[in-house]
Amino acid sequence: MSSDATVKVEGRILKLTNLDKVLYPEFGFTKSEVIDYYTRVSPVLLPHLKDRPVTLKRYPNGVDGKWFFEKNAPEHRPDWVRTMRLESPGSSKGNETVNYVMVDELATLVWLANLAALELHVPQWTVGPRGGKRDPDLLVFDLDPGAPATVVECCRVAEQVRMVLDDDGVDSWAKTSGNKGMQVYAYAPAKDTSEYAKVIAQRLAKEHPKLVVATMAKAQRTGKVFIDWSQNNTAKTTVAPYSLRARERPTVSTPLTWDEVEDCEVVEDLVFTADEVLDRVDSAGDLFGS
């Protein structure tokens, strides 16, 4: 029996394939359920993808199989999928530009889900209608725990980041990474967001040396939280809010309230699966940026 289907999504015709393929074996979560999640979460996800070139992390054989990053839009794509060709600094010769997918509409999101693009990663800047890169509009602190530290310690660091930003008159908000850590965001308070974030990270590492580290060296991270300020480099991307993650369970990079951050005492307090996130959105709406 075929598990393929042809559907119409907001006027676009899409052929969906291998819908019963299990992409999260330990959880029994199928491609059909991935597509359903992205369809249902799209009202809150699409605004955060708007005008941001998307880097895909594809898992055609599920989270236990081989995966790959894909920046260039697949050649065999529907003609209605919008792409944007942008300069790619640091790329090898002959690859100076990348033709990114721009996720403007639900149909594009469904098409990507059908490609098993489980994870969607975006930069902290947007592009104009003619492909001009704008200055970063977001500031991000990527909090990465070094075992045995966990997201619980990340929460304590997130609170410190928030206090520093508050002192600067900058509102901030948080989300889980959907993996081991979390991120704190703010609307860009300075043109050089990378330098601004670096200064704060180094300050907190000095003030809380037993908890915070601001350098890349993994040997220094044991039991501490690395504040990765370099995620503000315009060549880098961070997992998008509401993106699935390729973990054992279909966990999601989930926007949080500050009360949830403050109340976190065990890892499971901040682990949310696709179904749980949809319930959260139904009851609380979009918490990202608020």
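The values are calculated or read from the model by the stated rules, or taken from the named source; none is laboratory data. Computed from a prediction, not measured in an experiment: that's the story for all the values here. Quick reminder, even Gly has a Cβ in these numbers, built from the backbone with ideal geometry, and neighbours come from all protein chains shown. Side chains are part of the model used for accessible areas, which takes the heavy atoms of the whole protein and leaves out ligands, DNA and RNA. Shrake-Rupley method; radii C 1.70, N 1.55, O 1.52, S 1.80 Å.
Summary table
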quantity: Residues satisfying the stated conditions in the stretch 239-269, i.e. of a type in the set (A, V, I, L, M, F, W, C), closer than 18 Å to Phe27 by Cβ and touching a strand residue (DSSP E or B) at 6+ places or on another chain (Cβ under 8 Å); calculated: Leu244, Ala246, Val252
quantity: Qualifying residues in the stretch 217-236 (those that are at pLDDT 95 or above and open to solvent by less than 50 Å² (accessible area, probe 1.4 Å)) - the one nearest to the chain's Cα centre (by Cα); calculated: Gln231
quantity: Options Gly11, Gly90: the member that is modelled with pLDDT under 95 and either loosely packed, with under 13 Cβ neighbours inside 10 Å or under 20 Å from the mean Cα position of the chain (by Cα) (or both); calculated: Gly90
quantity: Criterion violated by Gly131 - all others in (1) assigned to a strand (DSSP E or B); (2) closer than 23 Å to Pro74 by Cα; (3) open to solvent by 10 Å² or more (accessible area, probe 1.4 Å) satisfied; calculated: (1)
quantity: Residue list for the stretch 178-216, filter: open to solvent by 10 Å² or more (accessible area, probe 1.4 Å) and of a type in the set (S, T, N, Q); calculated: Asn179, Ser194, Gln202, Thr215
quantity: Top-ranked residue of the stretch 40-83 - restricted to ones that are of a type in the set (Lys, Arg), under 27 Å from Gly132 (Cβ atoms) and part of a loop (DSSP other than H, G, I, E, B), ranked as least open to solvent (accessible area, probe 1.4 Å); calculated: Arg52
quantity: Test: residue in the stretch 261-270 that is of a type outside the set (A, V, I, L, M), over 26 Å from Val170 (Cα atoms), within 22 Å of the chain's Cα centre (by Cα) and open to solvent by 40 Å² or more (accessible area, probe 1.4 Å); calculated: yes
